[in-house]
1. Could you tell me which of the residues Asp383, Asp375 is in contact with a helix residue (DSSP H, G or I) (Cβ under 9 Å, 6 or more places away or on another chain) and of a type outside the set (Val, Ile, Thr)?
2. Contact list please: Cβ distance under 8 Å, first residue in the range 135-162 and outside the structural domain of Lys57 (by TED's automatic domain parsing) and in contact (Cβ under 8 Å) with a residue 40 or more places away in the chain, second residue in a helix (DSSP H, G or I) and crowded, with 21+ Cβ neighbours inside 10 Å, pairs at least six apart or on different chains.
3. So which residues in the range 11-30 are over 16 Å from Ala139 (Cβ atoms) and surrounded by 18 or more Cβ atoms within 10 Å (Cβ to Cβ)?
4. Does any residue in the range 119-134 that is more than 23 Å from Phe153 (Cβ to Cβ) come within less than 7 Å, Cβ to Cβ, of a residue that is part of a loop (DSSP other than H, G, I, E, B) six or more places away or on a different chain, and which pairs are these?
5. Among the candidates Ala515, Ala546, which residue alone is assigned to a helix (DSSP H, G or I), touching a helix residue (DSSP H, G or I) at 6+ places or on another chain (Cβ under 7 Å) and outside the structural domain of Gly111 (by TED's automatic domain parsing)?
6. Just name the residue that is farthest from the chain's Cα centre (by Cα) out of those in the range 228-248 that are farther than 14 Å from Gln191 by Cα and surrounded by 15 or more Cβ atoms within 10 Å (Cβ to Cβ).
7. If a residue has to be closer than 15 Å to Met342 by Cα and free of Cβ contacts under 8 Å to residues at least 40 places away in the same chain to count, how many in the range 303-320 make the cut?
Amino acid sequence: MQTQIDLKTLLQRIDHKGYPAYKDTKGSYDFRNYVLSIDHVQGDPFASPSKVSVHIKGSQAKFPTELIRIKCRRIALADYLLRQFGRELEKVSFQAKGSGKSGLLSVSRCGQEVLERTACQIDEKNGDIVLRFEVGFPANGRTINARELEKIFFDFLPQAAARSLYYGALDAKVVKKITDLAEDQQYIREQLKEKKLVAFVANGSILPRESGVSGRPMKEAVKFQSPASLEVELTLPHYGTIRGMGIREGITLIVGGGYHGKSTLLKALELGVYNHISGDGREYVITDASAMKIRAEDGRSIRKVDISMFVNNLPNGKDTVGFCTEDASGSTSQAANVVEAMEAGAKAFLIDEDTSATNFMIRDELMQRVVNRADEPITPFIDRIEELFYTYGISTVLVAGSSGSYFHKADCIIQMNQYQPVEITEFAKKEAERFPIPEITKKASKEMGISKRTEAVSQKDTSLRFNRCVRPDRAFREDARMKIKTMGLDGISINHDTIDVRYMELLVDSEQLSALAYLLKYAECHIFDGKRTLTESVDILEKILAEKGLAAICESSYLPCGLAMPRRQEIFACMNRYRKIGL
């Protein structure tokens, strides 16, 4: 390993040379308090910035063991350090002058959710910290301006690191509060199953956001208060006693007038699969970690999915047990999304009537009288919703604003009134008696033998099998230079093909999408073999990620700074939307 003096000497030697001479800086340099590693050098000042990392020994960072030994606390601490370091870099970004991206200092931009990222990692054994970021190496035109890079490496960077990456420089009470919050959030998530809950929304939570494009809480918003009948109490390891609304396993219906907070509550429940930062307002909105948002997705690709639970006897005789299409309709796409979520292990479905296919969700009595059941290939969701819970153990939280048919099926009905929840189950059930459920829907319930409310059966019905084996795509193995890039939260581009992920609504960060691209490539090259099922393949990926982290799937000389951990459900969803996957 070289010293910081060696780096300064090298920079002086290559000053005013052609930009490619910057390649000589690649390597590691001891700055005494940390090691600076130049992992990848950009080709010119207009190209993607250079990749740089700072490595700090745990003995120098001096964070207490109790902050890092538990995974959720360690991830929360890494998230906090990354945000602090990012604020320091933002103050000096572009203060080093030059052409193109010269002087850029950039780290991952974190949202309201706390995610495990490659940008900042802490070793659970010794507390070593690695923080990865990007630097635009300065140049005038395409001539090296090494004096400006000296400012970055010997002035800006040491100050930023000293102020943000060492325990002694930070407010110990704030650091403890952040890691305590993460442990409390994890505790609630673990308690959900024990208490037979799908989700928990703490009293005092702020659910509305300041705008449709902002994740920050709305100022002066109505604070959430649970109905007394749904209120549960938890005693957290650090916060102590907390009360809030518990959404029980089963079928929960959320109703109310327009703009009264139905979709706002559902959105909070969707994002409750992630921990949130302090001050977000949804810190204690916690949802079952496997929950999936289910919606219609016109035009998506479907590959050999058994949608016969919902669609049968198509007029053209098309197979619905191994259903394939390149251009799904609203109903077939939503049916596939349900079955694929079941395959991914989801134990809760979150559904908004506004983003669902009407004919998939409900057929009213008049329509059933006019169009004979034998002529309708779709079995609507309302006829399967109880089966999903009592046979497969999958709960449903459904927002409905126009159809009252689900009143008959719901175990709990919540009305949102000016952003406050009111339980109206008894009242709604009584009113529903005046509007009898269609006979065909009654028959569906009787056939499933669920006239009496009993505890949900956890094991899956053997009639539904997930046995899609995945063949490898030779192109991934033969073309090492295959171009894979991400497009925000919209899609992944693989050469000339695009995986459309716009409707994977529980993806919250573009870095998760970048990780999905790496996971797909790794699986194509090392896991898919034509014998393993998709489920077995994702199981292997999950095990690798759990044991070795995201570094294990990045086959490059350095670990990219811009990857964030996706959930198992999003790994499945991404692969299901890749049109060329060999299913």
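1. Numbers: Asp375 fails: in contact with a helix residue (DSSP H, G or I) (Cβ under 9 Å, 6 or more places away or on another chain).
The match here is Asp383.
2. Short answer, once both residue conditions are applied: none.
3. Tyr29
4. Sorted first by the residue in the range 119-134, then by its partner, the pairs are Ile122/Ile68; Glu124/Ile68; Glu124/Arg69; Gly127/Phe63; Gly127/Ile68.
5. On the way: Ala546 fails: touching a helix residue (DSSP H, G or I) at 6+ places or on another chain (Cβ under 7 Å).
Exactly one of Ala515, Ala546 is assigned to a helix (DSSP H, G or I), touching a helix residue (DSSP H, G or I) at 6+ places or on another chain (Cβ under 7 Å) and outside the structural domain of Gly111 (by TED's automatic domain parsing), namely Ala515.
6. Taking the range 228-248 as the starting set, the residues that turn out to be farther than 14 Å from Gln191 by Cα are 228-231, 238-240.
Checking which are surrounded by 15 or more Cβ atoms within 10 Å (Cβ to Cβ) leaves us with 230, 239.
Numbers: Leu230: 28, Tyr239: 26 Å.
So the residue we want is Leu230.
7. So in the range 303-320, the residues closer than 15 Å to Met342 by Cα come out as 304-310.
Now drop any that are not free of Cβ contacts under 8 Å to residues at least 40 places away in the same chain, which leaves 307-308.
Residues meeting the conditions: 2.
The values are calculated or read from the model by the stated rules, or taken from the named source; none is laboratory data. Since we're looking at a predicted model, the values are computed, not measured. Positions of Cβ are backbone-derived with ideal geometry, glycine not excepted, and every protein chain shown enters the neighbour counts.
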